[in-house]
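Visitor: Encoded as structure tokens, here's the structure I'll be asking about.
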Amino acid sequence: MLIKVPQKNTPAPSEIASETEYQNRRSFIRSMGFVGASALLGGTACAQENPPETRSLGPLLKSQYSTNQTENSYTDITQYNNFYEFGTSKEDPYENSGQFQPMPWSVRIEGAADITGDFSYEDIIQSHALEERIYRMRCVEAWSMVIPWVGIPLGDILKRFKPTSNAKYVSFETVYRPSEMPGQRRPILDWPYREGLTIEEAMHPLTILAVGIFDKSLPNQNGAPLRLVVPWKYGFKSIKSINKIGFTETPPATTWNDAGPNEYGFYANVNPEVDHPRWSQARERRIGGSLFDAKQPTLMFNGYADEVASLYSGLDLQRNF
Ligand code: MTE
């Protein structure tokens, strides 16, 4: 386990947490070593009979970035999911994620930053206000939803770790727990699921680390307890159940790009003009409507072009898809 050794002129990890929380975290991290090992050996030290309930997240700031489109229902958002760690059908994550134990949780921060180490969920989110942000989400499979996320701008969190000038990209990894995630017992993907953004994308104010939907903590099937939401990119970039974040100098490997480089690029910006090799990306079906509803046109950058197009000026988006 990485335990940060404080360096001169860099803030101590206790600046990220209060002293008591920091000490608790250190003993928690030590205990994680045991729990992690026992989970790998198939132990069920953490397993509970009943899946954890979602909890209320209290007063939320209303975000200026929200769309005014009608939200999908809680049922749509929690029962039609992509989360291959729990199976490949849309209903699998809802049906198969009951054994997953998102708490306690820690995230390892590594790479080109002054502050690295293991930080608890509480450390990561403490001192940040929670915002409700209603975002359009567009999946690469040409369907979409409008989701009221609860989250924190990712950049505000990342800045606390003081990335260095070598930090050109940010990598993300999902937890690897085959004992709780049945999909990981099969080689569907090269586990653990990995994603990456440029540092500019990660720091962009639209990018959030989500902790909830509506006013509740994230259900397991939506990526409990922490997930990325990048609304101008296809849904697969919004990696779930993150337990590792790294600052890198070169583009990190990403799961879908490794699995099918001709189909899934590193950028994965929503772009109606660049088709997936096997289907058009020009239109999308809004989940929750009738099967007879007309598909709606897909918008450049999922409708967030005013905010993000400048990130890609000069880049050939046909080649860098
Ligand atoms: N993250 C992990 N770890 N595993 C996954 O299979 N699927 C991605 C993304 N994040 C996925 C993931 C895809 S393809 C989509 S469309 C979104 O999660 C779906 O998020 P939602 O189910 O909350 O709508």
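Visitor: Under a cut-off of 13 Å between alpha-carbon atoms, report the aspartates and glutamates in cross-link reach of Lys168, not counting same-chain residues fewer than 8 places apart.
Guide: Once the sequence-local aspartates and glutamates are set aside, what remains near Lys168 is Glu200, Glu201, Glu249.
Visitor: Using the beta-carbon distance between Ser73 and Gln126 and R0 = 30 Å, what value does 1/(1 + (r/R0)^6) give for FRET efficiency, to the nearest 0.05?
Guide: 0.45
Visitor: Still on this model: Multiply the residue separation of Asp156 and Glu91 by 0.36 nm, subtract the distance between their alpha-carbon atoms, and state the gained length in nm to one decimal.
Guide: Difference between extended and current length: 20.0 nm.
Visitor: Rounded, prolate or oblate: pick one for the range 137-274, where a ≥ b ≥ c are the square roots of the eigenvalues of its C-alpha gyration tensor, a/c under 1.5 means rounded, and failing that, prolate if a/b is larger than b/c, else oblate. Numbers along the way, then the final one.
Guide: Numbers: a/c = 1.15, a/b = 1.07, b/c = 1.07.
It is rounded, given that a/c, with a ≥ b ≥ c, falls under 1.5.
Visitor: Specify whether the C-alpha gyration tensor of the range 23-255 places it in the rounded, prolate or oblate class, a ≥ b ≥ c being the square roots of the eigenvalues: rounded for a/c under 1.5, otherwise prolate if a/b is larger than b/c and oblate if not.
Guide: Taking the square roots of the gyration eigenvalues as a ≥ b ≥ c, the range 23-255 is rounded.
Visitor: Taking the simple approach of a point 7 Å from Cα along Cα-to-Cβ for both Ser290 and Asn320, what is their distance in nm?
Guide: 4.4 nm
Visitor: Multiply the residue separation of Arg283 and Ser56 by 0.36 nm, subtract the distance between their alpha-carbon atoms, and state the gained length in nm to one decimal.
Guide: Additional length available on full extension: 78.2 nm.
Visitor: While we're on this one: What FRET efficiency would be calculated for the residue pair Asp275, Met300, taking the C-beta separation as r and a Förster radius of 22 Å, to the nearest 0.05?
Guide: The computed FRET efficiency comes out at 0.95.
Visitor: Extending each Cα 7 Å along its Cβ direction at Arg186 and Ser66, get the distance between those two points in nm, one decimal.
Guide: In this crude spin-label approximation the distance works out to 3.9 nm.
Visitor: Going down the table (Lys216/Lys240; Lys159/Lys233; Lys90/Lys240; Lys162/Lys244; Lys159/Lys244), which pairs top 18 Å between alpha carbons?
Guide: Numbers: Lys216/Lys240 16 Å; Lys159/Lys233 22 Å; Lys90/Lys240 15 Å; Lys162/Lys244 16 Å; Lys159/Lys244 16 Å.
Beyond 18 Å between Cα atoms: Lys159/Lys233.
Visitor: Next question, about the same structure. Before anything else, pin down the relative contact order of the range 270-321: Cα pairs under 8 Å, at least 6 apart, normalised by residue count, whole percent.
Guide: 33 percent
Visitor: With the contact rule set at Cα under 8 Å and sequence spacing of 6 or more, what percent relative contact order holds for the range 23-255?
Guide: Across the range 23-255, relative contact order equals 25 percent.
Visitor: Leaving ligands, DNA and RNA out of it, report the carbon-plus-sulfur percent of the accessible area of the range 226-321 at a 1.4 Å probe.
Guide: Using a 1.4 Å probe with all protein chains present, the range 226-321 comes out at 50 percent carbon and sulfur.
The values are calculated or read from the model by the stated rules, or taken from the named source; none is laboratory data. What you see is a predicted model; the values in this text were computed from it and never measured. Note that we place each Cβ from the backbone using ideal geometry, even for glycine, and neighbour counts take in every protein chain shown. Surface accessibility is based on the protein's heavy atoms, side chains included, excluding ligands, DNA and RNA. Shrake-Rupley method; radii C 1.70, N 1.55, O 1.52, S 1.80 Å.
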